[in-house]
Each structure stands twice: as C-alpha cells, then as structure tokens.
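The values are calculated or read from the model by the stated rules, or taken from the named source; none is laboratory data. Since the structure is predicted, the reported quantities are computational estimates derived from the model, not experimental observations. Positions of Cβ are backbone-derived with ideal geometry, glycine not excepted, and every protein chain shown enters the neighbour counts.
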There are 2 protein chains.
Amino acid sequence: MRCEVVAIGTELLLGQIVDSNSSWIGEQLALAGIDCHFQVKVGDNPERIAFCLRQALDRADAVICCGGLGPTQDDITRDVIADVMGVALHRDEAIVEKIRAMFEARGRVMTDNNKRQADVPKGASVIAQMPGTAPGLVCPVGDKVIYAVPGVPYEMHEMMEGTILPDLRRRSGETAVIRSRVLKTWGMSESGLAETLEPHLDKLDETGHATIAFQASGIEGLKVRLTVKAADETAADAVLSTEEALVREALGDIIFAVDDETMESVVLETLRRRGETLALHESLTGGLMAMRMTAIDPALDVFAGALTRGVDGHVAAQDDAIALAQEAQAAFGTTYGLAAVTPSNHGDFAPGTVFAAIASPADGQATTVALPGDRRRLRNYAVISALEFLRKSLARNA
Amino acid sequence: MRCEVVAIGTELLLGQIVDSNSSWIGEQLALAGIDCHFQVKVGDNPERIAFCLRQALDRADAVICCGGLGPTQDDITRDVIADVMGVALHRDEAIVEKIRAMFEARGRVMTDNNKRQADVPKGASVIAQMPGTAPGLVCPVGDKVIYAVPGVPYEMHEMMEGTILPDLRRRSGETAVIRSRVLKTWGMSESGLAETLEPHLDKLDETGHATIAFQASGIEGLKVRLTVKAADETAADAVLSTEEALVREALGDIIFAVDDETMESVVLETLRRRGETLALHESLTGGLMAMRMTAIDPALDVFAGALTRGVDGHVAAQDDAIALAQEAQAAFGTTYGLAAVTPSNHGDFAPGTVFAAIASPADGQATTVALPGDRRRLRNYAVISALEFLRKSLARNA
C-alpha cells in the first residue's frame, strides 16, 4: 500500500510557511505501515495541481492532499479534484448549515464565499470530523482514492486520525504495526555511536530485526532510533524493550532520555523522586533554562525559580560560577542551585567556553565546556550542558 | 526562468525531520525573481531520485537538490546525478585533501568513507564555498543545470548565497529585483484588516503595483506583506516606503514592527532611546519573557533582569499583579516593572484570563486579556500581550 502527499499553496513554495503538515502525515503513514515514496508541494494553479494529483494516483494507491479548501478564490482543491474525478461539484446544504451555525456561534455572519466550502465532488463523501469551516473529503477514483484535508494543522490531524488512517489501514489489509523507540544521547559523536554499537549489531538483528538509525538533533541530543514491525503493539513493545536493553548495555549513561522525555524532564523527574528542589542563576542563559523547566513544572514544586541577572554576563573563574549557583540556592532555599556563565577574561579562554556550576547541600562543583560560537546556539547548548552536568552529578549520588 | 527543488532523504518522508530547507530555498528564489512551481521530497532510492531529477529538468531550467551528499552508503546524490548526466564519477584529490585537513583540524582521522564525498561527476564543478566536509556541485545537463547542496542548513545557505543564486540570476538575465516589506500588527483579525484596507487598495495599486498579502503568524502577529518588483533595490525601497505610509495611515498603531523587528526588540529600542530600564516578574511566563529580552539585549543595559517565582502561579486581582511588577521594579531599581499572571479565583474568571501589569515611576496600571486556553499558547500569548501593553503605554507617554 502506497500513499503520496500533495501539499497545496503558493505560500509554501514562496517559503512564507514551512510545510510541516507533510512531515506529520509522513510520520503517521510510516507508523501505520503505509509506504510514502514522494511528497510534493505545488502552488494554487489548477493545471499543476491536477498534474500532481494524476501523477500521484498513477504511482500510488492513495493521495492525501492538504490545503486549498478555504473560502477564497485561491482555494481550488475541490474544483481540481472534481476535474480529476471527471465529475461535477454539488453544494451540500447540510454542510452549508453546519458552517452557518459555526459562524453564528462566534457571533459572526457567514458570507457567500464560505458556501463554496460546502461544494463536494459527486461521488465523494465528507469526512465526519469537521473542527473548522473546511470539510475534508474522501474522493474515490476507480479503486484508488484522494483524501482532501485543510492546511490548518489541528483540523488536518483530527481528520487523519478519525477517518483517513483507519480507512487506509482497512484498504491495505495491513494488520501489522510499526513502532519506534528513540534513545537520546549526549556526549558522543555520530561516528562514535556507530563504532560503539557496531559489535552489537548482529545481536540486535537476532532479536527481532529492528532497524537502527542515528539522527543528530542539536540540543535534543544525538538520537538512536529503533524501529520494528510486529503483529501488534505488545509484540512490538517486547522487541523494542529487548533492543533498548542491548543498546543501553553498549552505550551506558550517555543515554539521557527515551522518546518524549527531554533533558529537563529527566532532571526534574529525578529531583521529584528524591524529594529535592532546584533554583537557577541565569545570566548567560537569561530565562532560557527557566522557560524549559516551567514548561513542564508549572506548579514549581521541584523547580523553585530563577534569578535572571547580569553580573556583567560573565565571571572570572569556576569558583565564581559556583558562588552564583549558591546565590540562587540560598535565595530560594532549594536543595540545589545551578548556573551557566561565560568567563570574563576572554584572553585566557577560547570563544564558546562556558562554566556550569552546581551548588549542592554540602559543597559546590563546576565544569568547563567548549560550545559552538554563535550566541543563539551557545545559550541553548549552555542550558543543556548545565542540565547534563546536574543529571550526571545526581546519578553519581543516587 | 524556472527552478525546482528536490529534497532528498528518507528521514524527510518519515517525518523525522521537517524539510525547512526547501522553504528557505523557495523564499530566496522568489526574492531573486525566479519561479518555482514544484518542490518534491524523495527518499534515498536511486531510481526515484533519478526520476525526480529528470522530471524537474524537463519542466524547469534548473534544479536544486538538497541532501544525500554525506559520507555513508545512503548518500547517493552524487551517483544519481552522474547517471542523469550520463557521465562517470571521478575523485577530486584536492577535495580529498581539504576534507582530510578539516578532520585533522578537529583532531580526528578521516575514514575511507569520507573520500566518497570528493567524488565529482565528470563535467561538474565544485562550489567554492565549502563550510563542511560535503562539497556542493554545479552539474550542467545540456543548457540546463543541477545544483547539489548538502542538507545541513548553514552549509546550504552559504553555497546558495555565494554561488547558486548569483549563477541563476546570470543565467536568467534577470536584473529586476523583488522585495517585500512585512508590517506586523497586533489586535485586529484578518477579516478586520482586509475590511480596513479595502478602501485604500485602489490607491495602493496606483503607487507601484505592490501586492498585498496577509499572514497569520501566532504570537508574531498578523503580518501585512507588501511585495514589489522594480528595476533595482532603490526603486523597490521607494515604492515600499510609499505603500507602507499608506498602510500605516489606514491601520494606525496596531502596526508594532517592521520586517525583522519583534515586539520585544521594539519595546527594548523604545526604552533605550528614552534612557529607561525594565525588570520583569515572571510566574506564569516562567522565563519565557526574559529569554526573549536577553536574546537581543545580552548586555542587559535596558533589560535588567527577572524574578522567576511561583506566588502559586497566580493572584487574586489586577492590583496584586501591579504589586508583582513593582516588586521586580524595586528589586532591580529599574524605571519599569512588568508582570503577566493568571487569576487564582478561577470561578470568577474565564479560562485563559491573564492580568498584565506595569509598574511605572509614578504609579501602576493593569489590564485583563483573554487568551487561548492551552498552557503553551497561553504562556506565549501572555508574553506578547504584556509587551504590547507596555508598548502602547510608552507610546501614550512619549
């Protein structure tokens, strides 16, 4: 079973919007065991859209086209699909009423333009999920199918999950599932990872033919992605857990997180389990570290707060960084204080040098790391490096 | 002159990486006056890549293909291009040495795999800009051309700007330039903007045929994009400035920024001009606001710092929000304090209610805004709403 994706909209070609919809759809198709060999972006031009839809139908069993279902004259996806199907459009009065009701609920009046959104190619059906004013469509073409969804991400997601993915699975007769597990690592290069895992690949192969792939992801670390196809979710999970154990044996404590976990969620969770608390001194990182912590700890029960201050942005030595961490620890009365700061004496240190410091109940410790030079990356890497320093320190004193 | 984009990499189809490269390339092509009708994503499969390159060459004068120039067996772009050109690959020993030197500079040893990166199709030339170990290629095919660039964004950008865009402009004979200006607005809906500008569109048309487009951009505001084609940069700027004046006359003070300016850069610049300073009290926004300020004011000469604290995350009334702003103002000794916080008594307020408060030298003032419900959006909108409140307050007391 193959399915292509056609993203429609001149604004996509002009780079005014990044086409993240196709990526998301591609991910869902992969998880459903459906191949996707091509994804195309095309502008609001009827001939070119028709060309793309016909070519995709030639090569694949199904096409998901995304965008161009709005109320303006630019929105021509409905018309082009009718053309490709060789049928006329008819206006679905029930949908007109649904759209009218949505407008009225917001205290607004539906314009005539919006009625165009209720036009449906003959033989096509409207997708039941309709979170916005643009209905999605299921359009049979012979034994193949075109699905049309709006470009608004949450509307598209709802239709994909509610109708399109189940329909594709039914059509494909696919009952197997594909599942991935992502192990996030920090502190080893991609080639280093490959070399370290090399001797274990045979064993990994034996346990269930999971594929293994590396993906450099900046401050989210270097990801090791295990992917497996299995009869059902339970079987897939079993294989992935065996493989994860093998990879952990090989890589050790450079794995800091799994799947949706992040460096900050892991640190906060560790502190929560231990009943300990944390405060930050942010000068170089100016709010960036607090922002990441409060995104997942809104109640501030582990992360107590941050001092965001200048201190001229930098300090002379590791000991001064420890003093800043201790200042935050004292100000908030927490178990730990954490700081990341640049040295003031640039003559003595290479650009990109950062001190990370931890104030512990008993003492303070600091480390020096070398980070990428430009300010934006330096700040982000400083956040992760400081958190990684704390993570490893906590692991040593478990 | 038409140019298509082919993005290569199975990870793009699987949604493991969002293809932002094509968007960026599309934007640069548009600014250079070069049409781009199709952009395609394809996996690491030689037949399918060759198919995409041939089809793009059929339809357009030039193709930029992005990705697949790395050292691993998956990286087959070089081989496929040679195939499409009908030539063999030869190893460029000067490039081998360049790659070897890069490895040595980082204290690492070049592997044999990396030598593959020095393979060049006969008749192709290597792009002079080579910030990483993957050389870019200019590959003539008859009177058309394939450009190959690596998928690493900064490497790709350097090659596009240094070689590919100038080469495309030379080939197209295009001397006109296309320029845009983006006016960012806050506080009016897209249909409201359209209605307000409607009576002025005729006048806008007269002044130089700039096109006008709206683009909803979340917390970056609703953008009004003016685009004009002109003989040169100076002529384009002149038309854009006239049009901007007309749009400003129609929209007034809802325009908060132009082009790369942001809400925070505008607020900081206003304060800097006035010789005034600012401190924040962040509880709801937990570092988010400080992070945005310090990204552009690293020296903290205007933005003094932030108190990131719980206060149970919320307060009873506007007056308490003012007290928090005053606490920050006092702690840092600044001209102003700013706070954004949620009400504690949920019974009395709709979800998404946020108090924004300013502490001024003479007094305090607060406002109540209604924001989107989910926490991530609420935090981000609270930051922008508070800064907008300060921006308007400063404008009133100019």
Would you confirm, using the coordinates I've provided, whether A:ARG225 is closer than 30 Å to B:SER344 by Cα, within 14 Å of chain B (Cβ to nearest Cβ) and within 18 Å of the chain's Cα centre (by Cα)? no
What are the pairs, 6+ residues apart or on separate chains, where a residue within the stretch B:185-196 that is in the same structural domain as B:GLU249 (by TED's automatic domain parsing) and surrounded by 16 or more Cβ atoms within 10 Å (Cβ to Cβ) has its Cβ under 7 Å from a residue that is modelled with pLDDT under 85 and of a type outside the set (Lys, Arg)? B:LEU193/B:PHE214
Pairs under 6 Å by beta carbon, first residue more than 8 Å from chain B (Cβ to nearest Cβ) in the stretch A:296-320, partner buried (at least 20 other Cβ atoms within 10 Å of the Cβ) and at pLDDT below 85, six or more apart or different chains? A:PHE303/A:ASP297
Kindly evaluate A:LEU31 against the criterion of being within 13 Å of chain B (Cβ to nearest Cβ), over 27 Å from B:CYS3 (Cβ atoms) and of a type in the set (A, V, I, L, M). yes
From the list B:ALA32, B:ALA50, B:ALA60, exactly one residue is under 19 Å from the mean Cα position of the chain (by Cα) and surrounded by fewer than 22 Cβ atoms within 10 Å (Cβ to Cβ). Which is it? B:ALA32
Tell me which of these A:LEU14 doesn't satisfy, since it passes every other one: (1) of a type outside the set (Val, Ile, Thr); (2) within 23 Å of B:SER20 (Cα to Cα); (3) modelled with pLDDT of 95 or more. (3)
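Yes or no: B:MET102 among the aliphatic types (A, V, I, L, M) and over 29 Å from A:GLN16 (Cα atoms)?
yes
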Mind checking whether some residue in the stretch B:312-321 is under 26 Å from A:MET293 (Cβ atoms), surrounded by 22 or more Cβ atoms within 10 Å (Cβ to Cβ) and touching a Gly at 6+ places or on another chain (Cβ under 7 Å)? no
Out of B:ALA230, B:ALA213, B:ALA245, B:ALA250, I need the residue that is within 14 Å of another protein chain (Cβ to nearest Cβ), over 30 Å from B:GLY333 (Cα atoms) and surrounded by fewer than 20 Cβ atoms within 10 Å (Cβ to Cβ). Which one? B:ALA213
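Take B:VAL5 and tell me if it is assigned to a strand (DSSP E or B), crowded, with 24+ Cβ neighbours inside 10 Å and either within 9 Å of chain A (Cβ to nearest Cβ) or free of Cβ contacts under 8 Å to residues at least 40 places away in the same chain (or both).
yes
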Which is of a type in the set (Asp, Glu) and assigned by TED's automatic domain parsing to the domain that holds A:LEU204, of A:GLU269, A:GLU244, A:GLU282, A:GLU276? A:GLU244
Filter the stretch B:254-279 for residues that are among the charged types (D, E, K, R) and within 15 Å of B:VAL182 (Cα to Cα); which is surrounded by the most Cβ atoms within 10 Å (Cβ to Cβ)? B:GLU261
Here are some conditions: (1) in contact with a His (Cβ under 9 Å, 6 or more places away or on another chain); (2) among the β-branched types (Val, Ile, Thr); (3) at pLDDT below 90. B:VAL109 meets all but one. Which one does it not meet? (1)
Could you say which residue among B:THR277, B:THR285, B:THR270, B:THR335 is within 10 Å of another protein chain (Cβ to nearest Cβ) and among the hydroxyl-bearing types (Ser, Thr, Tyr)? B:THR285
Restricting the stretch A:359-385 to residues that are away from chain B (no Cβ under 14 Å) and in a helix (DSSP H, G or I), the one nearest to A:GLU264 (Cα to Cα) turns out to be A:ILE384
Output for the stretch B:1-37, where each listed residue is out of contact with any Asp or Glu (no Cβ under 8 Å at 6 or more places or on another chain) and among the small types (Gly, Ala, Ser): B:SER20, B:GLY26, B:ALA30
Give all pairs with beta carbons closer than 7 Å in which a residue from the stretch A:93-107 that is more than 14 Å from A:VAL126 (Cβ to Cβ) meets a residue that is surrounded by 12 or more Cβ atoms within 10 Å (Cβ to Cβ); count only pairs at least 6 apart in sequence or on separate chains. A:ARG100/A:MET110; A:MET102/A:THR133; A:PHE103/A:MET110
Does any residue of the stretch B:170-179 turn out to be touching a residue at least 24 places away in the same chain (Cβ under 8 Å), in contact with a Gly (Cβ under 8 Å, 6 or more places away or on another chain), of a type outside the set (A, V, I, L, M, F, W, C) and surrounded by 16 or more Cβ atoms within 10 Å (Cβ to Cβ)? yes
Scanning the stretch B:280-310 for residues that are crowded, with 20+ Cβ neighbours inside 10 Å and in a helix (DSSP H, G or I), which turns out modelled with the lowest pLDDT? B:THR294
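Only one residue in B:ASP44, B:ASP112, B:ASP75 is within 14 Å of chain A (Cβ to nearest Cβ), in contact with a Ser or Thr (Cβ under 9 Å, 6 or more places away or on another chain) and under 30 Å from A:GLU195 (Cα atoms), so which one is that?
Testing whether each residue is within 14 Å of chain A (Cβ to nearest Cβ), in contact with a Ser or Thr (Cβ under 9 Å, 6 or more places away or on another chain) and under 30 Å from A:GLU195 (Cα atoms) leaves just B:ASP44.
Here's the yes/no breakdown for (1) part of a helix (DSSP H, G or I); (2) over 16 Å from A:SER241 (Cα atoms):
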{"position": "A:MET156", "(1), (2)": "yes, yes"}
{"position": "A:GLY162", "(1), (2)": "yes, yes"}
{"position": "A:ASP167", "(1), (2)": "yes, yes"}
{"position": "A:ARG179", "(1), (2)": "no, no"}
{"position": "A:GLY192", "(1), (2)": "yes, yes"}
{"position": "A:LEU204", "(1), (2)": "yes, no"}
{"position": "A:LEU226", "(1), (2)": "no, no"}
(1) closer than 19 Å to B:VAL258 by Cα; (2) modelled with pLDDT of 95 or more: which one isn't true of B:MET159, the others all being true? (1)
Among the numbered criteria (1) under 27 Å from the mean Cα position of the chain (by Cα); (2) surrounded by fewer than 20 Cβ atoms within 10 Å (Cβ to Cβ), which one does B:GLY68 miss? (2)
Would you list the helices (runs of 4 or more DSSP H) that sit entirely within the stretch B:28-144 and hold 3 or more residues that are in contact with a strand residue (DSSP E or B) (Cβ under 7 Å, 6 or more places away or on another chain)? B:46-59, B:77-85
Those residues of the stretch B:311-341 which are among the aliphatic types (A, V, I, L, M) and part of a helix (DSSP H, G or I), in sequence order: B:VAL311, B:ALA321, B:ILE322, B:ALA323, B:LEU324, B:ALA325, B:ALA328, B:ALA330, B:ALA331
Cβ-Cβ distance below 8 Å, separation of 6 or more or different chains: which pairs start in the stretch A:338-367 with a residue that is modelled with pLDDT under 85 and end on one that is in a loop (DSSP other than H, G, I, E, B) and of a type in the set (Phe, Trp, Tyr)? none
